[in-house]
There are 2 protein chains.
Amino acid sequence: MAYEQPVVDVPALTALLDGRYAEVRALVRTNLVRHAGILEEAERLDRDDYRDRVRDLVIEMAATGQTGMGFPTEYGGGGDIGASVAAFETLAFGDLSVLVKVGVQFGLFGGAILQLGTRRHHEAHLEDLVTGRLMGCFAMTESGHGSNVQALATVATYDAATEEFVIETPDDTARKDWIGNAARHAETAVVFAQLEVAGERHGVHAFVVPLRRDGAVVEGVRIEDCGQKMGLNGVDNGRIWFDRVRVPREALLNRFADVTMDGTYTSPIENQNRRFFTMLGTLVQGRVCVGGAGVNAAKVALTIATRYADRRRQFEATSEGREELLLDYGMHQRRLLPLIARTYALHFAQEVVAGRLHEVFSGLAEDERARRALESEAAGLKALATWHASGAIQECREACGGAGYRSENRFDALKADTDVFTTFEGDNHVLLQLVAKGLLTDYSSEFEEMDQFGLVRFVAGLAVETVVERTSAHKLLERLKDALPGGDEWDQEAGLLDPDYHLTMLRFREEHMLAGAARRLKRGVDQGMDLGEVFSRVQDHVIGAARAHVERLVLEAFVEKLAGLDDGDLKVALGLLSDLYALSTIEADRGWFMEHGRLSSARSKAISREVSDLCRKIRPLAVDLVDAFGVPEEMLRAPELLTWGD
Amino acid sequence: MAYEQPVVDVPALTALLDGRYAEVRALVRTNLVRHAGILEEAERLDRDDYRDRVRDLVIEMAATGQTGMGFPTEYGGGGDIGASVAAFETLAFGDLSVLVKVGVQFGLFGGAILQLGTRRHHEAHLEDLVTGRLMGCFAMTESGHGSNVQALATVATYDAATEEFVIETPDDTARKDWIGNAARHAETAVVFAQLEVAGERHGVHAFVVPLRRDGAVVEGVRIEDCGQKMGLNGVDNGRIWFDRVRVPREALLNRFADVTMDGTYTSPIENQNRRFFTMLGTLVQGRVCVGGAGVNAAKVALTIATRYADRRRQFEATSEGREELLLDYGMHQRRLLPLIARTYALHFAQEVVAGRLHEVFSGLAEDERARRALESEAAGLKALATWHASGAIQECREACGGAGYRSENRFDALKADTDVFTTFEGDNHVLLQLVAKGLLTDYSSEFEEMDQFGLVRFVAGLAVETVVERTSAHKLLERLKDALPGGDEWDQEAGLLDPDYHLTMLRFREEHMLAGAARRLKRGVDQGMDLGEVFSRVQDHVIGAARAHVERLVLEAFVEKLAGLDDGDLKVALGLLSDLYALSTIEADRGWFMEHGRLSSARSKAISREVSDLCRKIRPLAVDLVDAFGVPEEMLRAPELLTWGD
């Protein structure tokens, strides 16, 4: 059957992308447009005014219900976690200081009160924080410890005599650092500290601690402004020191542990590590949200760069006397179109993870394993989505030439504000390591408690086959290979545009990399090497396996989405994008596939040709495909780029 | 012989890097330190004050002789082009608005007066501009035409009746855009416009046009501020419109063409295209300078990130109870050390190109071919060096985690200011296309005049063998292969750490990619495809060949530098870096080498292992290797990162 160029029904595709939360997304789009002036104010206002403006805007948005979707209805919330993620993602089309301020206030601060607290905390704080009457912050990170939260050094000592906790910052490396909302607006903090009761340490716990009263910082608390940052200057990040600050016993967020009046520590979770990771696990929503925000920030950049490339002419090429549109150049297609494909893929993967979050946190999926898998997927997708955002925004900026450098044309803020996404809510490399740990241990019940030593020891104690056979990639792989033509020669015989071929390739890679990493860890230990040295040497391999795993999940999400669509032009168009995502992913790692006997030279070259062919097929659809992202015109700004030639 | 860990003599290595211009570089370092406050002022001052501060600082630096090195001594200059490049490169350790303002005033404006003008212009302007008493700008780029300068639309019509040129901006796409120094400080502009004499067009020429008198914009000129930019906000970029502005006949910079009083056009270069490219060619110094600045900006970032990684601990790994230094993690080594190696490689390549520039422009190498080769090398190295800067700065920022996001810690300015390097002074993709054109046509005498059509037609008219055999890569390749063990099996037999093996691999790739691009261009034309379509389809291949060419030149520069060193620790240490640059470059493109039969799976894996091994060997030297860059402490700022743990 000859290939027929599909016609993209833009509103229908937007509806598909918006999914079940179309209404929520529409509300956020309306709010964004209403407050579109913030994009320009962000450049013009001085830092304090910009911060106050962002605060005001967050409170105005809160009044529309947009930011409280995830809280119980009895406290003024929307009672729908999935809706709250959708609202947050959509907010990423606009000013990202507003986004991050919302994340701090409702996601981190509100989320900690909701998830780690009990009814007494909910009744005391939730209604006020949902409206923004009570502004708060989430004081976890310390200067000395960002990624390694278990090693935090702030101490909360129980004083049975007064029934109070005494919060103390022992030294400067233990000061709370980078705390959003702290420098100017927060009245209250959720503070993470090592709990000490009767001389015994019980690990990190969270406490509600007042920071300001009537705008003045309370005694014993010292706050410093983190000052000018690369971006997100509408968020007031600060540093906090506690000098023997006393809070009542009830300030402990006591869902997972409590201290009785007389100073007895109790917890339903006996193991200290597991308790800690259970607490942290309840905060997974933050990572899901940042990943989704990254995908949507990339959409803004791609919309601008693609529309510009469809208007701007440069050099004569196809006909004398008239310059060529940028997007008709093969190189320009190669630069932008695979990024559009990957954005779609990540969008659908994000939809899956956000859906799983909704299920787990709405009590629809209660088992421990689902919760662990969610944490892992959220971590992995956050890493890939935020790196994608950085890369795509940069490519789009360059593709718009010098004009991309003007602040009015949007890339300035997009780039500067998203830059920290790759390191906050978990450094991306650390997150991928977490994903790999889950895979290598098959999310064993001990997995959360393992440090790097523990992981190496655990893997060394298993047969490599055990590691591999337990993985989901392995099971899926066996089944899939059988479905492909060619038997053991599937990698030579399957059609290049067969989704089963794409999936099999990515599953093969994941399984093989994982087995390789396990083998190397084991061999290192067997050879008597120091455990840390073993880990250090295999670390890039371990992280590579995690990345391969996440790329496989992303492709699966795309392929499954496609499978559920009715036949028609939309399916054809998305099929082109899915093929392009899969083949450009394989192409980017073709060295690995050839090294491992799964790609001949000839086939590797054929894949590169196919990627170029797909780009040419998608080129006429490109503007429709980015328009379907549904970024409001007011959020694009960039008049110089978008009306070029008018 | 067993490998012995070398000890790096830091001052000796700095002396090697500084080379023959150590004294000039020392002067610039002194000036940078004296004015170090600008790094903090850049954050604090409002835009106008920052711009004025930068202007003042440029004038103060000019008084030390630092910025006028490239001008003839009779006009107060230093009479040494190589020294002027060295001074500019070193300036890139500091505030980059100062750097770019210097580039605009002395490189672009001053360079145009010097290179395109004759004695009357030199006598009128050079002394004043060398001191900064006369501030000027370089009005080439138009909104409608950045890369395609030949298509500029501003017109200069000769009026024989008054012996004047009338400069006119026909429409808004022809407004001069992004002109540095224009919005606030320039009194004079060199304006590029289509020259029309007696109804006949003669192509683009340059004119000296007054913009301001006593600070006020002169009649007929309209200037608009380009406004807020991603970075470089200390430079006042503007837009300029000319409404029939009259300048005397002598305003034409008439080194390459003139108009007699009665309106006769004369030029020693008959062909219009060649005349244009000869004029442009005299301005090649700008590209050499930007490339060198990119390399040095990367050094600043790498110095900070490497020193931090050698102080900061994160997670327990090798011994219980103590966290591990970041730089002891294999992944962290893999992230930073190949970037250090590539920085050294680019530094030495830059030294070669700057040396060639000095020879060509000091009249030491007069022939046309040398000039063309210089233009090509400058273009290619500018592209690779500025992409390297963007990538390295980004990786370093992420490697410093959240702290890297604080403006005080330097990455903010480094990232924002260097971002435009990849698109100004020639968009990097366009520059690589220029390099490829030179290679495909063997710098034939017609090459400069060819547009994209011309290139495709030219290549289609040759035998592919002709294209290949003419290239320098080909000749070098044949000679080298014979020197390697294994005969035709050299790619299997040569030692992985043999520099001849590295060179042969990169030369093979270059030759093969070039031949492949030529073959595809030819085939497209033979098949009757539209010339533009042929070009569009092969464009990424063409650009890939150019990139391969430049990477080969960079490696050659490194290997040649090494060959000239006395045996000893310094040579051993630099040898590790050269090996790491070569093997990580091959590793990054191992897919291509396997596709083309030059790398077996086993050898490809062995190269990856060797890259990791080299990283482990270099790790103990890493801090010394970045300290040897000689970035003044005051330019690093970043107190939080550099004194970590003190």
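The values are calculated or read from the model by the stated rules, or taken from the named source; none is laboratory data. What you see is a predicted model, and the numbers here were worked out from it, not measured in a lab. No Cβ is skipped: glycine too gets one built from the backbone with ideal geometry, and neighbour counts run over all protein chains shown. SASA here: full protein model, heavy atoms, side chains in, ligands and nucleic acids out. Shrake-Rupley method; radii C 1.70, N 1.55, O 1.52, S 1.80 Å.
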**Fill in**
By residue number, the members of the range B:26-43 that are open to solvent by 40 Å² or more (accessible area, probe 1.4 Å) and hydrophobic (A, V, I, L, M, F, W, C) are B:ALA26, B:LEU27, B:VAL33
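Among the residues of the range B:373-398, write down those that are more than 30 Å from B:PHE447 (Cβ to Cβ) and either more than 9 Å from chain A (Cβ to nearest Cβ) or of a type in the set (D, E, K, R) (or both).
Going through the range B:373-398, the residues more than 30 Å from B:PHE447 (Cβ to Cβ) turn out to be B:391-398.
B:GLY391, B:ALA392, B:ILE393, B:GLU395, B:CYS396, B:ARG397, B:GLU398, listed by residue number.
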**Message:** Filter the range A:407-432 down to the residues that are open to solvent by less than 30 Å² (accessible area, probe 1.4 Å), more than 9 Å from every other protein chain (Cβ to nearest Cβ) and within 19 Å of A:LEU280 (Cβ to Cβ) and list them by number.
**Reply:** A:GLY426, A:LEU431, A:LEU432
**Request:** Please tell me if A:GLY203 is part of a loop (DSSP other than H, G, I, E, B) and either in the same structural domain as A:VAL149 (by TED's automatic domain parsing) or modelled with pLDDT under 95 (or both).
**Result:** no
**Asked** Does the range B:1-25 hold any residues that are farther than 14 Å from B:ALA573 by Cα, out of contact with any helix residue (DSSP H, G or I) (no Cβ under 7 Å at 6 or more places or on another chain) and either part of a loop (DSSP other than H, G, I, E, B) or open to solvent by less than 50 Å² (accessible area, probe 1.4 Å) (or both), and which are they?
**Response** B:MET1, B:ALA2
**Item:** Condition met for A:HIS502 (of a type outside the set (D, E, K, R), over 28 Å from B:PHE593 (Cβ atoms) and either open to solvent by 20 Å² or more (accessible area, probe 1.4 Å) or out of contact with any Lys or Arg (no Cβ under 9 Å at 6 or more places or on another chain) (or both))
**Value:** no
**Request:** Mind listing just one residue for me: the one in the range B:522-546 that is farther than 30 Å from B:ALA582 by Cα and touching a residue at least 24 places away in the same chain (Cβ under 8 Å) and, of those, nearest to the other protein chains (Cβ to nearest Cβ)?
**Result:** B:GLY532
**Complete:** A careful count of residues in the range A:33-66 that are part of a helix (DSSP H, G or I) and among the hydroxyl-bearing types (Ser, Thr, Tyr) gives 1
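What are the residues in the range B:566-600 that are more than 26 Å from the chain's Cα centre (by Cα), within 14 Å of chain A (Cβ to nearest Cβ) and not aliphatic (A, V, I, L, M), if any?
Residues of the range B:566-600 that are more than 26 Å from the chain's Cα centre (by Cα), as a first pass: B:566-573, B:590-600.
Those left that are additionally within 14 Å of chain A (Cβ to nearest Cβ): B:590-600.
Within the range B:566-600, B:ARG590, B:GLY591, B:TRP592, B:PHE593, B:GLU595, B:HIS596, B:GLY597, B:ARG598, B:SER600 meet the criteria.
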**Residues within the range B:601-621 that are under 25 Å from B:GLU510 (Cα atoms) and either facing chain A (nearest Cβ under 9 Å) or among the basic types (Lys, Arg) (or both), tallied** = 7
**Request:** Any residue in the range B:162-184 that's within 13 Å of another protein chain (Cβ to nearest Cβ): show its pairings with residues that are among the aromatic types (Phe, Trp, Tyr) and assigned to a strand (DSSP E or B) at Cβ separation under 6 Å, as long as the two are six or more apart or on different chains.
**Result:** B:ARG175/B:TRP241
**Request:** Provide a single number: the residues in the range B:160-190 that are open to solvent by 10 Å² or more (accessible area, probe 1.4 Å) and among the aromatic types (Phe, Trp, Tyr).
**Result:** 1
**Message:** Just the residues that are within 12 Å of A:ASP128 (Cα to Cα) and among the small types (Gly, Ala, Ser), please, taken from the range A:64-77.
**Reply:** A:GLY68, A:GLY76, A:GLY77
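Filter the helices (runs of 4 or more DSSP H) completely within the range B:601-646 down to those with at least 3 residues that are open to solvent by less than 10 Å² (accessible area, probe 1.4 Å).
Values: elements: B:601-618, B:622-627, B:633-636, B:639-642.
The qualifying helices (runs of 4 or more DSSP H) are B:601-618, B:622-627.
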**Prompt:** Picking from A:GLU510, A:GLU478, which residue would you name as being at pLDDT below 90 and assigned to a helix (DSSP H, G or I)?
**Reply:** A:GLU478
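Only one residue in A:ALA42, A:ALA83, A:ALA92, A:ALA36 is within 30 Å of A:ALA124 (Cα to Cα) and touching a Gly at 6+ places or on another chain (Cβ under 8 Å). Which one?
On the way: A:ALA42 fails: within 30 Å of A:ALA124 (Cα to Cα); A:ALA92 fails: within 30 Å of A:ALA124 (Cα to Cα); A:ALA36 fails: within 30 Å of A:ALA124 (Cα to Cα).
Residue meeting the stated conditions: A:ALA83.
Would you call A:ALA545 of a type outside the set (D, E, K, R) and over 23 Å from the mean Cα position of the chain (by Cα)?
Values: of a type outside the set (D, E, K, R): yes; over 23 Å from the mean Cα position of the chain (by Cα): no.
No; evaluated as a whole, the condition is false for this residue.
Looking at A:PHE593, A:PHE558, which is the one that is surrounded by 17 or more Cβ atoms within 10 Å (Cβ to Cβ), touching a Ser or Thr at 6+ places or on another chain (Cβ under 6 Å) and aromatic (Phe, Trp, Tyr)? Talk me through it step by step, then tell me what you get.
Working: A:PHE593 fails: touching a Ser or Thr at 6+ places or on another chain (Cβ under 6 Å).
Just one listed residue meets the conditions, A:PHE558.
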**Request:** Please work out which one of (1) within 14 Å of chain B (Cβ to nearest Cβ); (2) surrounded by 19 or more Cβ atoms within 10 Å (Cβ to Cβ); (3) more than 30 Å from the chain's Cα centre (by Cα) is the condition A:ALA494 fails and give its number.
**Result:** (1)
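If you check B:THR157 against the conditions, is it in contact with a strand residue (DSSP E or B) (Cβ under 9 Å, 6 or more places away or on another chain) and open to solvent by less than 60 Å² (accessible area, probe 1.4 Å)? Working first, answer last.
Numbers: in contact with a strand residue (DSSP E or B) (Cβ under 9 Å, 6 or more places away or on another chain): yes; open to solvent by less than 60 Å² (accessible area, probe 1.4 Å): yes.
Taking the combined requirement at face value, the residue satisfies it.
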**Prompt:** How about the range B:209-238: which of its residues are within 14 Å of another protein chain (Cβ to nearest Cβ), part of a strand (DSSP E or B) and crowded, with 22+ Cβ neighbours inside 10 Å?
**Reply:** B:LYS229, B:GLY238
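Within the range B:67-103, can you find the residues that are assigned to a helix (DSSP H, G or I), in contact (Cβ under 8 Å) with a residue 12 or more places away in the chain and of a type in the set (Val, Ile, Thr)? Give the derivation first.
Restricting attention to the range B:67-103, the residues satisfying the condition of being assigned to a helix (DSSP H, G or I) are B:73-75, B:81-91, B:96-103.
Within this subset, residues satisfying the condition of being in contact (Cβ under 8 Å) with a residue 12 or more places away in the chain are B:75, B:81-91, B:96-103.
Result: B:ILE81, B:VAL85, B:THR90, B:VAL98, B:VAL100, B:VAL102.
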**Asked** From the list B:ARG619, B:ARG598, which residue is out of contact with any His (no Cβ under 9 Å at 6 or more places or on another chain) and over 22 Å from B:GLY19 (Cβ atoms)?
**Response** B:ARG619
**Prompt:** Under the condition of being open to solvent by 10 Å² or more (accessible area, probe 1.4 Å) and in contact with a Leu (Cβ under 9 Å, 6 or more places away or on another chain), which residue from the range A:367-380 is farthest from A:GLY294 (Cα to Cα)?
**Reply:** A:GLU375
**Fill in**
Looking across the range B:139-154 at residues that are touching a residue at least 40 places away in the same chain (Cβ under 8 Å), open to solvent by 30 Å² or more (accessible area, probe 1.4 Å) and within 15 Å of B:HIS205 (Cα to Cα), the single one that is farthest from the chain's Cα centre (by Cα) is B:ALA153
**Fill in**
Taking the range B:258-274 and the residues there that are outside any loop (DSSP other than H, G, I, E, B) and at pLDDT 95 or above, the one that is most open to solvent (accessible area, probe 1.4 Å) would be B:THR266
**Complete:** The lone condition A:LEU232 fails out of (1) within 28 Å of A:THR260 (Cα to Cα); (2) in contact with an Asp or Glu (Cβ under 7 Å, 6 or more places away or on another chain); (3) of a type in the set (A, V, I, L, M, F, W, C) is (1)
**Request:** Report the residue count in the range B:355-397 for those that are among the aliphatic types (A, V, I, L, M) and not in a helix (DSSP H, G or I).
**Result:** 2
